[in-house]
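Structure record follows, encoded as structure tokens.
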Amino acid sequence: MDEVTILHADLDAFFASVEQRDDPRLRGRPVIVGGGVVLAASYEARAHGVRGAMGGARARRLCSQAVFVQPRWPAYVEASKAVFEVFDRTTPVVEPLSIDEAFLDARGLEHIAGTPAQIAARLRRDVLEQVGLPITVGVARTKALAKVASAAAKPDGLLVVPADGEIAFLHPLPVERLWGVGPATAAKLRGHGLQTVGQVARTAEAALIQIVGRAAGRHLHAIANNRDPRRVRARRGRRSFGSQSALGRSPTTPEALDAVLVGLADRVTRRMRAAGRAGRTVVLRLRFGDYSRATRSQTLFEAANATEAILAAARTLLAAAMPVIERRGVTLVGITISNLVDGRAVQLALPFEDPTGLVLDAAVDDVRDRFGPTAVTRATQLGRDPGLAAWLPAHAGRPMDPSDTRR
Ligand SMILES: [Mg+2]
């Protein structure tokens, strides 16, 4: 635990930002999501003192020019999914904390994806470019510090706490900044003259337990003294595998689109095979030239993780979408595989003739892992630059998506 590799990524004013993203008239204006109670307030509204969980009437008094909007849960769920897909493409280990925040572990990715600070900067750019939302990232040696760092860097910020600057960063902060300290705990601490994290750190654990109870006292004493051994834990049972490519604004030919689809199917199924998973539902995600989006899905008769099987379904879905694509243009294509099952069973059921292409896929994965990126390239990708990271060893996870918006 001595490297600065933990990222805490937290969307800024999440619900309000989704509203501002989807309705340009709301941009730059104080936006409050909710009515009777404030579910989220944009930073323009926060500047007037409006806070989450505040009564609507009080919020209106504080900020009379605020625009109140009703929550649109499906839009938030969709945005959250898209952001977590970016997280999943950024580091192999992602631990969700809520609908709009997660820890990511950048350990061991230095040589393939850059330093944790570079990974964090790219994550912020990807979330903005691909989902259209601002996100703040804190980077530190421990989870508690990374969480404090992201809060300190908000909004739309990035803060790295260097290993030799932890106490200098942490101890001057007010007690409310500590992870787990809400208004009630903060009031108790302040009632005993403890205003800053440093003052809490210098208080005996037994005394803290007297003030806030046993569990909270121990927790506070540890994190105020910068002790937090908790690791980032991947969410149990991931629900999908996905990959996407931004295409830019210029018109795309059907051949070029197909090549993109081949690359996506290859990448996503390779990760599924590495993880020993297969899936039944193939989802094609499209973003059109006018920024509208569509998803189309097909459920397979049997779960698959073979490139050819997934690709065939994706091609069918793409063909069905071609009329819309021709009208509106397409700026992003993605494939997501859900309805996951254990993929090892699928491979055991492999027929000898291998009509599924699984044996070939496994061989291709193996060659790439051992001999590097350019050792095997599928025929349709010849002449295209697949990007180095597409062929990274599967066990390294998927730190970057080379054909995505970075160029
Ligand atoms: Mg947030």
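At-a-glance table
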| item | result |
| --- | --- |
| Tally, over segment 123-142, of residues that are away from the ligand (no atom under 16 Å from the Cβ), within 30 Å of Leu39 (Cα to Cα) and either aliphatic (A, V, I, L, M) or buried (at least 17 other Cβ atoms within 10 Å of the Cβ) (or both) | 5 |
| Failed item in (1) within 30 Å of Ile112 (Cβ to Cβ); (2) more than 14 Å from the ligand (Cβ to nearest atom); (3) out of contact with any helix residue (DSSP H, G or I) (no Cβ under 8 Å at 6 or more places or on another chain), with Trp73 passing the rest | (1) |
| Segment 85-99 - residue that is of a type outside the set (A, V, I, L, M) and more than 16 Å from the ligand (Cβ to nearest atom) and, of those, surrounded by the most Cβ atoms within 10 Å (Cβ to Cβ) | Thr91 |
| Matching option when the condition is assigned to a helix (DSSP H, G or I), of a type in the set (A, V, I, L, M, F, W, C), farther than 17 Å from Ala246 by Cα and within 16 Å of the ligand (Cβ to nearest atom), among Ala120, Ala102 | Ala120 |
| Number of the exception - Val67 against (1) modelled with pLDDT under 95; (2) more than 30 Å from Asp105 (Cβ to Cβ) | (1) |
| Residue that is nearest to Gly343 (Cα to Cα) [pool: residues in segment 263-299 that are surrounded by fewer than 18 Cβ atoms within 10 Å (Cβ to Cβ) and in contact with a helix residue (DSSP H, G or I) (Cβ under 6 Å, 6 or more places away or on another chain)] | Gly276 |
| Filter result for Ala313 (closer than 16 Å to Ala256 by Cβ and either free of Cβ contacts under 8 Å to residues at least 40 places away in the same chain or touching a strand residue (DSSP E or B) at 6+ places or on another chain (Cβ under 8 Å) (or both)) | no |
| When residues of segment 184-228 are limited to those that are charged (D, E, K, R) and within 26 Å of Glu3 (Cα to Cα), the one modelled with the highest pLDDT | Arg202 |
| Filter pass, Gly108 being more than 16 Å from the ligand (Cβ to nearest atom) and outside any helix (DSSP H, G or I) | yes |
| Among the candidates Ala45, Ala66, Ala57, residue that is of a type in the set (A, V, I, L, M), more than 21 Å from Leu97 (Cα to Cα) and without any contact (Cβ under 8 Å) to a residue 24 or more places away in the chain | Ala57 |
| Given (1) of a type in the set (A, V, I, L, M); (2) surrounded by fewer than 15 Cβ atoms within 10 Å (Cβ to Cβ); (3) touching a His at 6+ places or on another chain (Cβ under 6 Å), number of the condition Leu62 does not satisfy | (2) |
| Segment 1-39, subset of a type in the set (Gly, Ala, Ser) and in contact with a Pro (Cβ under 8 Å, 6 or more places away or on another chain), residue farthest from the ligand (Cβ to nearest atom) | Gly34 |
| Residue list for segment 158-170, restricted to those being in contact with a helix residue (DSSP H, G or I) (Cβ under 8 Å, 6 or more places away or on another chain) and free of Cβ contacts under 8 Å to residues at least 40 places away in the same chain | Leu159, Phe169 |
| Residue within segment 309-321 that is modelled with pLDDT under 55 and touching a helix residue (DSSP H, G or I) at 6+ places or on another chain (Cβ under 7 Å) present | no |
| Count - residues of segment 20-59 that are over 28 Å from Trp179 (Cα atoms) and either acidic (Asp, Glu) or buried (at least 17 other Cβ atoms within 10 Å of the Cβ) (or both) | 5 |
| Residue count for segment 155-173, restricted to those that are part of a loop (DSSP other than H, G, I, E, B) and crowded, with 20+ Cβ neighbours inside 10 Å | 1 |
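The values are calculated or read from the model by the stated rules, or taken from the named source; none is laboratory data. Not measured: the values here are computed from a predicted model. With ideal geometry, Cβ positions are generated from the backbone for all residues, glycine too; neighbour counts draw on all protein chains shown.
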